[in-house]
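These notes are about the structure you will find just below.
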Amino acid sequence: MSEFDDIRPYNDAEVPAVLRRVVADKELRMAMIAMLIPRLKQRWSWLLSPLIGVALRIQFLGVKTVDGFQRRLEGYLGRIIRRSSAEYTVSGLDKLDPNKPYLFVSNHRDIVMDPAFVNWALYQNGFKTIRIAIGDNLLSKPFVSDLMRLNKSFIVQRSVAGRREKLMAAKKLSAYIHHSIVQEQANIWIAQREGRAKDGVDKTNSAVIGMFSLSKPKDRTYADYVKELNIVPVAISYEYDPCDVMKARERYYQLEKGGYRKARNEDVRSIAQGISGWKGRVHLAFGDVLDGDYQNDAEVAVAIDAQIHRKYRLFETNETAHRWLNECPDDEGPHWVPEKLRERVKALPNDVRPYLLAQYANAVESQQNAS
């Protein structure tokens, strides 16, 4: 038994048993029917469920390791990227060493696709795939937890109650991240904040940085400990956010109507929409390893934000939203207006429109303030 057994990804020895459990999970089969062929769910689920079980067993036949599992997923992820994006580009990886472990800290726009795009870039360029931090609030279904941990995800225990319990969970997470990087030479991905930036403001939460140093030995300086983690900021830019309308409505109700109550299975629908929805162009910009003599969490957070804001690739959707939000007419200069953005804005009530535009416009503000 290891002190990290309840949060770590599964290891190779556990893969066969976990896959048998996943294939036998009736909830997974029903979820796949609902996602792939929803019109047949009510009437034909009794027939489709065992057929999907057979298909899953065939798909995972011979998979006995985590790497083997990820190789099976490679084709699916490649197809998702090709079908849901017009262009996928990467910059900055040439300055990193594939033989070194890194702690990648990125802005957070999508639950699944943010780490998936980072993973794809690393895998295609000869780097080791990442261990992915994921909140236990997203792992309510056993099959979801199993699949995520098979895919090198480790658990952030957000649901623990009590001040002491939260501190203990944070210390364990800190120790696991440090152990993964220093002892196991593994790459780690974590979002710069808890929850997606539904307002488009990419700002690192100092509490996330503070968690990193909870396991720092007393005889180690803060600056040396941060350098040991090899922190690399990553800016992820989507031309279109597949969940922008959902986020805009949620923000509107939270700020204008006193609160927002999620519908049943809304998180699942959001995940599915984020995976399959149209993203247009996508760009990943890997930053430089943080190597300054930082004295506290706030300084590290500022350094991460500075790189993310400067390296974030702005698209016409960002520039157009910024003009519209600031009531600048399109006839002032040779501007091209993205038609999909215009359609999304027009489809929303007037009161909700600013919340959608802000998701795209705030990246412009952040970059202007960083320059």
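The values are calculated or read from the model by the stated rules, or taken from the named source; none is laboratory data. Just so it is clear, the structure is predicted and the values come from calculations on it, not from any experiment. All Cβ positions, even for glycine, are placed from backbone atoms using ideal geometry, and neighbour counts span all protein chains on display.
Laid out as a table, the results:
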{"read-out": "Condition met for Val118 (in contact (Cβ under 8 Å) with a residue 12 or more places away in the chain, under 19 Å from Gly195 (Cα atoms) and either of a type in the set (D, E, K, R) or in contact with a helix residue (DSSP H, G or I) (Cβ under 9 Å, 6 or more places away or on another chain) (or both))", "value": "no"}
{"read-out": "Failed item in (1) free of Cβ contacts under 8 Å to residues at least 24 places away in the same chain; (2) closer than 30 Å to Gly210 by Cα, with Gln359 passing the rest", "value": "(1)"}
{"read-out": "Failed item, numbered, when Ile209 is tested on (1) over 23 Å from Tyr88 (Cα atoms); (2) within 20 Å of the chain's Cα centre (by Cα); (3) surrounded by fewer than 18 Cβ atoms within 10 Å (Cβ to Cβ)", "value": "(3)"}
{"read-out": "Residue ID - farthest from Ile308 (Cα to Cα), chosen from residues in segment 176-199 that are surrounded by fewer than 21 Cβ atoms within 10 Å (Cβ to Cβ) and of a type in the set (A, V, I, L, M, F, W, C)", "value": "Val182"}
{"read-out": "Residue list for segment 49-75, restricted to those being at pLDDT 90 or above and hydroxyl-bearing (Ser, Thr, Tyr)", "value": "Thr65"}
{"read-out": "Pairs where the first residue, in segment 75-95, is within 27 Å of Asn230 (Cα to Cα) and the second is among the β-branched types (Val, Ile, Thr), C-beta under 9 Å, 6+ apart", "value": "Tyr88/Ile81; Tyr88/Val282; Thr89/Val282; Gly92/Val232; Gly92/Val234; Lys95/Val289"}
{"read-out": "Count - residues of segment 219-238 that are free of Cβ contacts under 8 Å to residues at least 60 places away in the same chain and under 20 Å from Glu299 (Cβ atoms)", "value": "5"}
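Yes or no, residue by residue, for (1) exposed (fewer than 13 other Cβ atoms within 10 Å of the Cβ); (2) at positive phi; (3) among the polar types (S, T, N, Q); (4) in contact with a helix residue (DSSP H, G or I) (Cβ under 7 Å, 6 or more places away or on another chain):
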site: Tyr10; (1), (2), (3), (4): no, no, no, yes
site: Glu14; (1), (2), (3), (4): no, no, no, no
site: Ala17; (1), (2), (3), (4): yes, no, no, no
site: Leu28; (1), (2), (3), (4): no, no, no, yes
site: Arg39; (1), (2), (3), (4): yes, no, no, no
site: Ser45; (1), (2), (3), (4): no, no, yes, yes
site: Ile52; (1), (2), (3), (4): no, no, no, yes
site: Val66; (1), (2), (3), (4): no, no, no, yes
site: Gln70; (1), (2), (3), (4): no, no, yes, no
